[in-house]
Amino acid sequence: MAMPLWNFVGRSAELDRLTAAATNSRGRGVILRGDAGIGKSRLLREAVKLLPQDRYAVWRTSGNIATSGLPFGGLAQVLPADQPAGLTGAGVLRWALDALHQQAAGRTIVLAIDDAHLLDQSSAALVYLIAHAENAKVLCTVRSGEEIPSSIRALWRDDLVEHIDLPPMGLPEAHRLLNEMLGGQLDRISADRLYRYAQGNALMLRELVLAAMTGNELVESEFGTWTWTRTAPVAMAPSLEQLIDTRIGALSPGVGRVLELVAFGEPIGLKLLQKATDEADVDTAMERGLIRERRDDRRTDVRLAHPLYGDLVRKKCPATRARRLKEELADLFEQAGKKRRDDLLRLTVWRLDSDTPQDAVLLIHAAGQAFGRFDVPLASRLAQAALDNGGGFDAAELLATILMFNDQPDKAISILDVAAEEIDSDQRRGRWLTVRGMVTYWGLSQQSTVKEISAAAEQLTDPPARARVRAFEAIMRLHQLDFAEALRLSRAVLDRPAATLAARGLARCTIAHLQAARGELLHSGRAVAGVEAEAALWRNDMPYLQLALELARGTRLALAGDLHGIDAIVAAEFADLAVAGDFRLGSGYLSILRAQAARLRGRTAEAFRSSTDACAVLATSPVFAGLAHAERAHAAALCGDTATAIDAMGASDRAHTPGMAILYPWREQARAAVLAATGDLDGAAANLGKLVEQLREHRLGGHEVLALHDLVRLDRADREIGRATREGRRQTVANRLTELTETVEGALPPLLARHGRAVVARSGDDLLTVAASFEELELTLFAAEATAMAVARLREAKSPRAHEATVRLSALLERCEDVRTPALTAEQPALTDRERQIARLAAGGIPSRNIAEQLYISTRTVENHLQRVYTKLGVTGRGELWPALRALPDHDGKTTG
């Protein structure tokens with residue numbers, strides 16, 4: 001796979017400042033300063049490309065080491081070759097300036113110099129002179145930390161030019177750049193990892209991608225996205241190795257030892273590092289920017305200044321020396337005394353890597369710590385070492401649990417089968433039952449698991465062990481839709497004083513999830529907050545309880561339409577740990593949540609990207625894969641990509657497991673969206689009607705209000721649902737929504753009910769009010785749909801507010817990505833191709849006479865077309881055309897906004 005040339009992305013603010021410095025009347029230019037490879041040169045090239053040649057005479061040059069000792073060597077590409085003989089130094093400068101003005105022929109001189117810190121003194125003096133001249137601008141880049149010629153430095157010291165420090169590229173810009181490099185979409189997790197390694201440096205990013213391509217580490221998934229399969233260390237292509245080597249520079253033996261200890265031990269305490277090395281060498285490494293110190297609680301820690309420094313240092317270190325260094329680090333830590341919780345984990349890893357004697361108990365504790373940080377590969381490695389070193393039942397139980405979350409259920413079962421021989425107490429049997437039940441139920445999708453562990457729990461006499469098994473049985477029954485038994489079992493666990501904190505937390509998460517689904521959002525929120533507050537107390541025992549916590553919390557936030565709440569949890573520490581530690585169930589579920597929030601904001605392309613990422617991450621896991629594909633189908637349907645939507649919905653049906661039946665409301669809402677996208681609105685309404693009945697039967701009011709609202713969005717607010725009363729009457733969708741506001745908590749249900757009543761009343765004014773409330777909650781998709789409905793109603797009524805509504809709809813669609821829903825396309829006036837063409841030209845301010853000339857028709861024909869357009873769109877003239885056009889669907893069904 002060859003890397004294509006990519007387009008310039010991001011840096012829009014800096015690009016605007018550069019072009020403004022070249023074109024405005026204030027100042028004489030700009031100096032752009034930043035680290036090597038950060039993107040200064042590309043930014044400079046893009047800025048001068050925007051300057052029109054008829055107004056600006058642009059000369060581009062660059063300083064380099066080869067010409068830095070030659071007079072005017074840096075500007076040799078710019079100056080004429082016929083320099084007059086016998087001129088003094090000042091005369092040469094005047095001649096050079098006059099020559100440039102003559103070549104400019106009245107245009108503004110723009111001298112763009114890359115790496116101006118490498119200019120010779122004569123060239124630097126001429127640049128300073130040009131900056132003082134009339135009708136001339138200077139645009140320069142200089143590298144941070146380099147010695148700069150005095151004449152160049154004087155440019156900003158004398159306030160002649162603006163000075164810009166170019167920061168590292170931001171994460172969103174890096175994502176776009178990576179997609180440009182690959183000519184396709186890189187999944188979010190891989191992009192985030194590459195960004196962390198490159199630290200926002202565009203050149204580093206490019207070299208990392210090239211190395212990954214060379215090593216066949218970029219794999220395209222069945223969903224069309226690319227994934228970086230390398231974990232650590234990063235593969236070092238020769239060009240990347242040379243780049244990092246150059247940045248590190250030559251090292252004395254002492255400084256080299258400092259870097260090695262930090263590379264294998266970071267973060268390492270400053271005092272410990274100074275004890276193991278010469279303090280002067282530590283100071284030198286710090287001064288050269290090779291290491292950095294950071295205060296962490298009461299200890300000052302030292303890390304390498306760039307993560308790739310560590311990869312290179314470790315790569316160059318011979319295996320025998322690496323083992324000695326790790327043994328030395330372990331000895332240093334033991335002598336200093338383990339003072340922090342993670343010191344045990346680091347010490348154990350060093351001992352394991354250095355082949356020094358290991359204690360099985362310490363390995364088990366270390367593996368538990370790694371699992372508590374959701375570092376699945378490291379936890380698995382340590383637990384396996386503990387088992388190999390005679391860790392017995394405890395090591396086997398832990399390793400089997402970790403393997404479950406590493407998508408290796410069969411291997412986990414084989415380990416548990418062997419460990420069964422060591423069960424000698426109810427406590428061990430209870431733990432064995434829960435791990436085996438977890439693996440067979442969620443890992444192997446065996447529905448019989450619930451009855452098996454239920455029967456086994458009856459044989460347990462130890463109260464804590466029995467409570468633990470019952471807590472697991474409860475959440476399994478919740479996922480099977482056996483709500484009454486799930487609730488009974490969970491309450492029974494909470495009523496047992498002997499139940500462990502982890503078992504009680506799991507029971508509370510089960511109840512919180514059910515409460516959220518039923519619309520009891522306040523109770524659910526309090527339960528989730530209570531479990532989270534005790535996380536430090538249960539994480540050692542049951543770290544994966546975090547997953548049940550996130551599922552309960554995410555369900556509540558999504559049902560409440562609390563997008564800021566979703567933003568907070570996908571940006572929280574767990575999200576970072578799950579990605580860094582390859583805890584795929586966690587990172588995959590959070591990607592699904594991210595997609596749901598994006599969809600509700602009308603950011604359909606972002607929703608599709610996030611849901612596709614989730615599909616790739618969860619490809620080997622049956623737990624959330626069905627939901628991930630359903631969310632992908634939903635996003636594709638909103639984008640108008642019906643083929644992908646149908647395919648993704650089929651994939652959801654294939655991937656879905658009965659053990660996660662609790663997720664059916666989301667999947668059926670997605671199915672209805674897919675049906676609507678294909679034009680089968682009756683089928684979509686029928687599917688939603690069936691879903692509403694099922695949700696009503698299950699008493700899941702929190703989900704029901706969203707399903708009912710989907711019917712409102714299809715303009716079916718007056719549809720009859722439910723069973724007939726004794727009088728033979730049935731409720732309408734709008735009436736049922738209003739009824740549910742009495743039992744379903746939160747600000748969203750009353751708003752959804754108002755939307756339903758406004759649709760039934762065909763009230764454009766009420767729809768606009770509802771849309772404004774949706775907008776306040778950032779539910780932009782719902783706001784746009786309600787406004788589109790309002791536009792249609794107000795036009796019908798020939799209301800003077802029709803134009804206001806159209807303007808609001810245009811603004812809302814500006815904030816959405818390509819989106820197509822029935823509410824945005826139904827009842828919208830259809831313009832012919834010719835009417836649309838003329839309307840666009842007129843909206844752009846072109847007079848009718850010029851439009852007629854351009855289209856080879858008469859002016860009267862243009863005016864006739866415009867009158868028909870005005871009538872169809874409900875506008876009074878050209879001034880109202882543009883927002884009305886932006887609110888229309890275009891020919892492929894997507895809105896013009």
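Condition check ((1) part of a loop (DSSP other than H, G, I, E, B); (2) surrounded by 24 or more Cβ atoms within 10 Å (Cβ to Cβ)) across all residues:
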| position | (1), (2) |
| --- | --- |
| 490 | no, yes |
| 496 | yes, no |
| 499 | yes, no |
| 526 | no, no |
| 532 | no, no |
| 542 | yes, no |
| 555 | no, yes |
| 564 | no, no |
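Criterion first (of a type in the set (A, V, I, L, M) and part of a helix (DSSP H, G or I)) does residue 302 satisfy it? Spelling it out, it is not the case that residue 302 is of a type in the set (A, V, I, L, M) and part of a helix (DSSP H, G or I).
Please state which one of 776, 727, 742 is over 19 Å from residue 673 (Cα atoms) and more than 37 Å from the chain's Cα centre (by Cα). Give the derivation first.
Numbers: 776 fails: more than 37 Å from the chain's Cα centre (by Cα); 742 fails: more than 37 Å from the chain's Cα centre (by Cα).
So the residue among 776, 727, 742 that is over 19 Å from residue 673 (Cα atoms) and more than 37 Å from the chain's Cα centre (by Cα) is 727.
Taking the stated definitions as given, is residue 313 open to solvent by less than 60 Å² (accessible area, probe 1.4 Å), among the aliphatic types (A, V, I, L, M) and assigned to a helix (DSSP H, G or I)? Even if it seems obvious, please write down each step before you answer.
Values: open to solvent by less than 60 Å² (accessible area, probe 1.4 Å): yes; among the aliphatic types (A, V, I, L, M): yes; assigned to a helix (DSSP H, G or I): yes.
Yes, satisfied.
For the range 326-340, the criterion of being of a type in the set (Phe, Trp, Tyr), farther than 30 Å from residue 258 by Cβ and either free of Cβ contacts under 8 Å to residues at least 60 places away in the same chain or touching an Asp or Glu at 6+ places or on another chain (Cβ under 8 Å) (or both) is satisfied by no residue at all.
Per-residue answers, yes or no, for (1) open to solvent by 20 Å² or more (accessible area, probe 1.4 Å); (2) β-branched (Val, Ile, Thr); (3) outside any loop (DSSP other than H, G, I, E, B); (4) modelled with pLDDT of 95 or more:
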site: 615; (1), (2), (3), (4): no, no, yes, no
site: 637; (1), (2), (3), (4): no, no, yes, yes
site: 649; (1), (2), (3), (4): no, no, yes, yes
site: 653; (1), (2), (3), (4): yes, no, yes, yes
site: 667; (1), (2), (3), (4): no, no, yes, yes
site: 672; (1), (2), (3), (4): no, no, yes, yes
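Results for (1) at pLDDT 90 or above; (2) over 28 Å from residue 637 (Cα atoms), shown as yes or no for each residue.
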position: 787; (1), (2): yes, no
position: 792; (1), (2): no, no
position: 827; (1), (2): no, no
position: 838; (1), (2): no, yes
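For the range 146-165, does any single residue satisfy the condition of being more than 30 Å from residue 70 (Cβ to Cβ), of a type outside the set (Gly, Ala, Ser) and touching a helix residue (DSSP H, G or I) at 6+ places or on another chain (Cβ under 8 Å)? So far as the range 146-165 goes, no, none of its residues is more than 30 Å from residue 70 (Cβ to Cβ), of a type outside the set (Gly, Ala, Ser) and touching a helix residue (DSSP H, G or I) at 6+ places or on another chain (Cβ under 8 Å).
For the range 650-667, does any single residue satisfy the condition of being under 22 Å from the mean Cα position of the chain (by Cα) and small (Gly, Ala, Ser)? Break it down stepwise before answering.
Filtering the range 650-667 for residues under 22 Å from the mean Cα position of the chain (by Cα) gives 666.
From what is left, the residues that are small (Gly, Ala, Ser) are none.
The answer is no; no qualifying residue exists.
Give me the pairs: first residue in the range 346-360 and under 11 Å from residue 382 (Cβ atoms), second residue surrounded by fewer than 16 Cβ atoms within 10 Å (Cβ to Cβ), beta-carbon distance under 7 Å, and six or more apart or on different chains, which are they? Filtered contacts from the range 346-360: 360/390.
Checking each residue in the range 291-313 for being within 18 Å of residue 251 (Cβ to Cβ) and either more than 30 Å from the chain's Cα centre (by Cα) or among the polar types (S, T, N, Q) (or both) picks out only 313. The residue of the range 431-488 that is nearest to residue 619 (Cα to Cα), among those that are open to solvent by 20 Å² or more (accessible area, probe 1.4 Å), assigned to a loop (DSSP other than H, G, I, E, B) and among the aliphatic types (A, V, I, L, M), is 444.
Among the residues of the range 566-595, which ones are assigned to a helix (DSSP H, G or I), more than 12 Å from the chain's Cα centre (by Cα) and in contact (Cβ under 8 Å) with a residue 60 or more places away in the chain? 574, 577, 578, 580, 584, 585, 586, listed by residue number. Just name the residue that is farthest from residue 577 (Cα to Cα) out of those in the range 352-384 that are open to solvent by less than 10 Å² (accessible area, probe 1.4 Å) and touching a Leu at 6+ places or on another chain (Cβ under 6 Å). So, considering only residues that are open to solvent by less than 10 Å² (accessible area, probe 1.4 Å) and touching a Leu at 6+ places or on another chain (Cβ under 6 Å), the one farthest from residue 577 (Cα to Cα) is 363. Without any contact (Cβ under 8 Å) to a residue 24 or more places away in the chain, touching a strand residue (DSSP E or B) at 6+ places or on another chain (Cβ under 9 Å) and not basic (Lys, Arg) - does that describe any residue in the range 256-270? Scanning the range 256-270, I find no residue that is without any contact (Cβ under 8 Å) to a residue 24 or more places away in the chain, touching a strand residue (DSSP E or B) at 6+ places or on another chain (Cβ under 9 Å) and not basic (Lys, Arg), so the answer is no. For the range 203-225, the count of residues that are buried (at least 16 other Cβ atoms within 10 Å of the Cβ) and within 15 Å of the chain's Cα centre (by Cα) is at least one.
Looking at residue 62, is it open to solvent by less than 50 Å² (accessible area, probe 1.4 Å), at pLDDT 80 or above and among the polar types (S, T, N, Q)?
Working: open to solvent by less than 50 Å² (accessible area, probe 1.4 Å): yes; at pLDDT 80 or above: yes; among the polar types (S, T, N, Q): yes.
Taking the combined requirement at face value, the residue satisfies it.
Okay, residues lined up against (1) within 24 Å of residue 331 (Cβ to Cβ); (2) modelled with pLDDT of 95 or more; (3) among the hydroxyl-bearing types (Ser, Thr, Tyr):
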| site | (1), (2), (3) |
| --- | --- |
| 351 | yes, no, no |
| 354 | yes, no, yes |
| 362 | yes, no, no |
| 383 | no, yes, no |
| 398 | no, yes, no |
| 403 | no, yes, no |
| 415 | no, yes, no |
| 434 | no, yes, yes |
| 437 | no, yes, no |
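Please go through the range 793-809 and give me each residue that is small (Gly, Ala, Ser), open to solvent by 10 Å² or more (accessible area, probe 1.4 Å) and either farther than 27 Å from residue 685 by Cβ or assigned to a helix (DSSP H, G or I) (or both), ordered by number.
Of the range 793-809, the ones small (Gly, Ala, Ser) are 797, 799, 802, 805.
Then drop every residue that is not open to solvent by 10 Å² or more (accessible area, probe 1.4 Å), which leaves 797, 799.
799, the sole residue that qualifies.
Is there a residue in the range 10-32 that is at pLDDT 80 or above, farther than 24 Å from residue 126 by Cα and not in a helix (DSSP H, G or I)? Scanning the range 10-32 turns up at least one residue that is at pLDDT 80 or above, farther than 24 Å from residue 126 by Cα and not in a helix (DSSP H, G or I).
The values are calculated or read from the model by the stated rules, or taken from the named source; none is laboratory data. This one's a predicted model, so the numbers in the text were calculated from it and none came from an experiment. Counting neighbours? That spans all protein chains shown, and the Cβs are built from the backbone with ideal geometry, glycine included. The area values use the complete protein model at the heavy-atom level, side chains included, leaving out ligands, DNA and RNA. Shrake-Rupley method; radii C 1.70, N 1.55, O 1.52, S 1.80 Å.
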